[in-house]
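K.L.:
Before we start, here is the structure in question, set down as structure tokens.
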Ligand code: CA
């Protein structure tokens, strides 16, 4: 059965372009040009026999801010939310991710990038109830969280407990950005939320152990001012 996507975007041209691309990929696409209409579609669809599987949400809507819609969606539903926005402001991105957005894309973006992020978000939300991601492979790097095993080029890599915890947190959400706050809270604890220097230090250690060239990371990617993303082939 086709996955149901609600696309909330007031720019008609962009809406049509995205809709067409999603249809080609086999998604069933519902569209909305305003926050009020989106609320109505959500209410109707989520109570129906074919609930929505994913929400693509523009922030600048004629009758309100998409961020408010995100808040109300998060209170009621579990579906993944991908933000599309023209805003580059890092604090704003962090705020949205911490508020429960699954990912964001800054306009103009590549449609293939959107499709890839959608697949990642769907997989994470879809499998989170059954089993979180515990296996990661990219090139010659293999990670098995359950066995506490990290191998690069066939060789075991020794990680300290904190390095492993940090890496594990990124593996569980591979392909998605994880904010500094989320990492600090989950790895060190809520009282360490201001200690971003811990993150920089441990990320440097992980890169030294896992990257071919730690100065040009290909796996542990920096999202400037926002957080980190573990690269994942899509
Ligand atoms: Ca807009």
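The values are calculated or read from the model by the stated rules, or taken from the named source; none is laboratory data. Predicted model only: the values in this text are computed from it and were never measured. Counting neighbours? That spans all protein chains shown, and the Cβs are built from the backbone with ideal geometry, glycine included.
K.L.:
Quick one: is residue 101 part of a loop (DSSP other than H, G, I, E, B) and buried (at least 18 other Cβ atoms within 10 Å of the Cβ)?
P.N.:
Answer is yes for this residue.
K.L.:
Here is a further query. If you check residue 117 against the conditions, is it assigned to a loop (DSSP other than H, G, I, E, B), under 28 Å from residue 232 (Cβ atoms), outside the structural domain of residue 222 (by TED's automatic domain parsing) and at pLDDT below 95?
P.N.:
Spelling it out, it is not the case that residue 117 is assigned to a loop (DSSP other than H, G, I, E, B), under 28 Å from residue 232 (Cβ atoms), outside the structural domain of residue 222 (by TED's automatic domain parsing) and at pLDDT below 95.
K.L.:
Report, by residue number, each residue of the range 182-207 that is surrounded by fewer than 18 Cβ atoms within 10 Å (Cβ to Cβ) and under 18 Å from residue 101 (Cα atoms).
P.N.:
Correct list: 185, 186.
K.L.:
Additional query: In the range 221-234, how many residues are within 20 Å of residue 98 (Cα to Cα) and crowded, with 19+ Cβ neighbours inside 10 Å?
P.N.:
Summing the residues that are within 20 Å of residue 98 (Cα to Cα) and crowded, with 19+ Cβ neighbours inside 10 Å in the range 221-234 gives 5.
K.L.:
Quickly run through the range 183-212 and pick out the residues that are over 19 Å from residue 143 (Cα atoms) and out of contact with any helix residue (DSSP H, G or I) (no Cβ under 7 Å at 6 or more places or on another chain).
P.N.:
The answer is 185, 189, 190, 191, 194, 197, 200, 201.
K.L.:
Of everything in the range 157-174, what is part of a loop (DSSP other than H, G, I, E, B) and touching a helix residue (DSSP H, G or I) at 6+ places or on another chain (Cβ under 7 Å)? Give them in sequence order.
P.N.:
Hits for the range 157-174 are 157, 159, 173.
K.L.:
Applying the selection to the range 188-225, what residues are within 20 Å of the chain's Cα centre (by Cα), outside any strand (DSSP E or B) and at pLDDT 95 or above?
P.N.:
199, 203, 217, 218, 219
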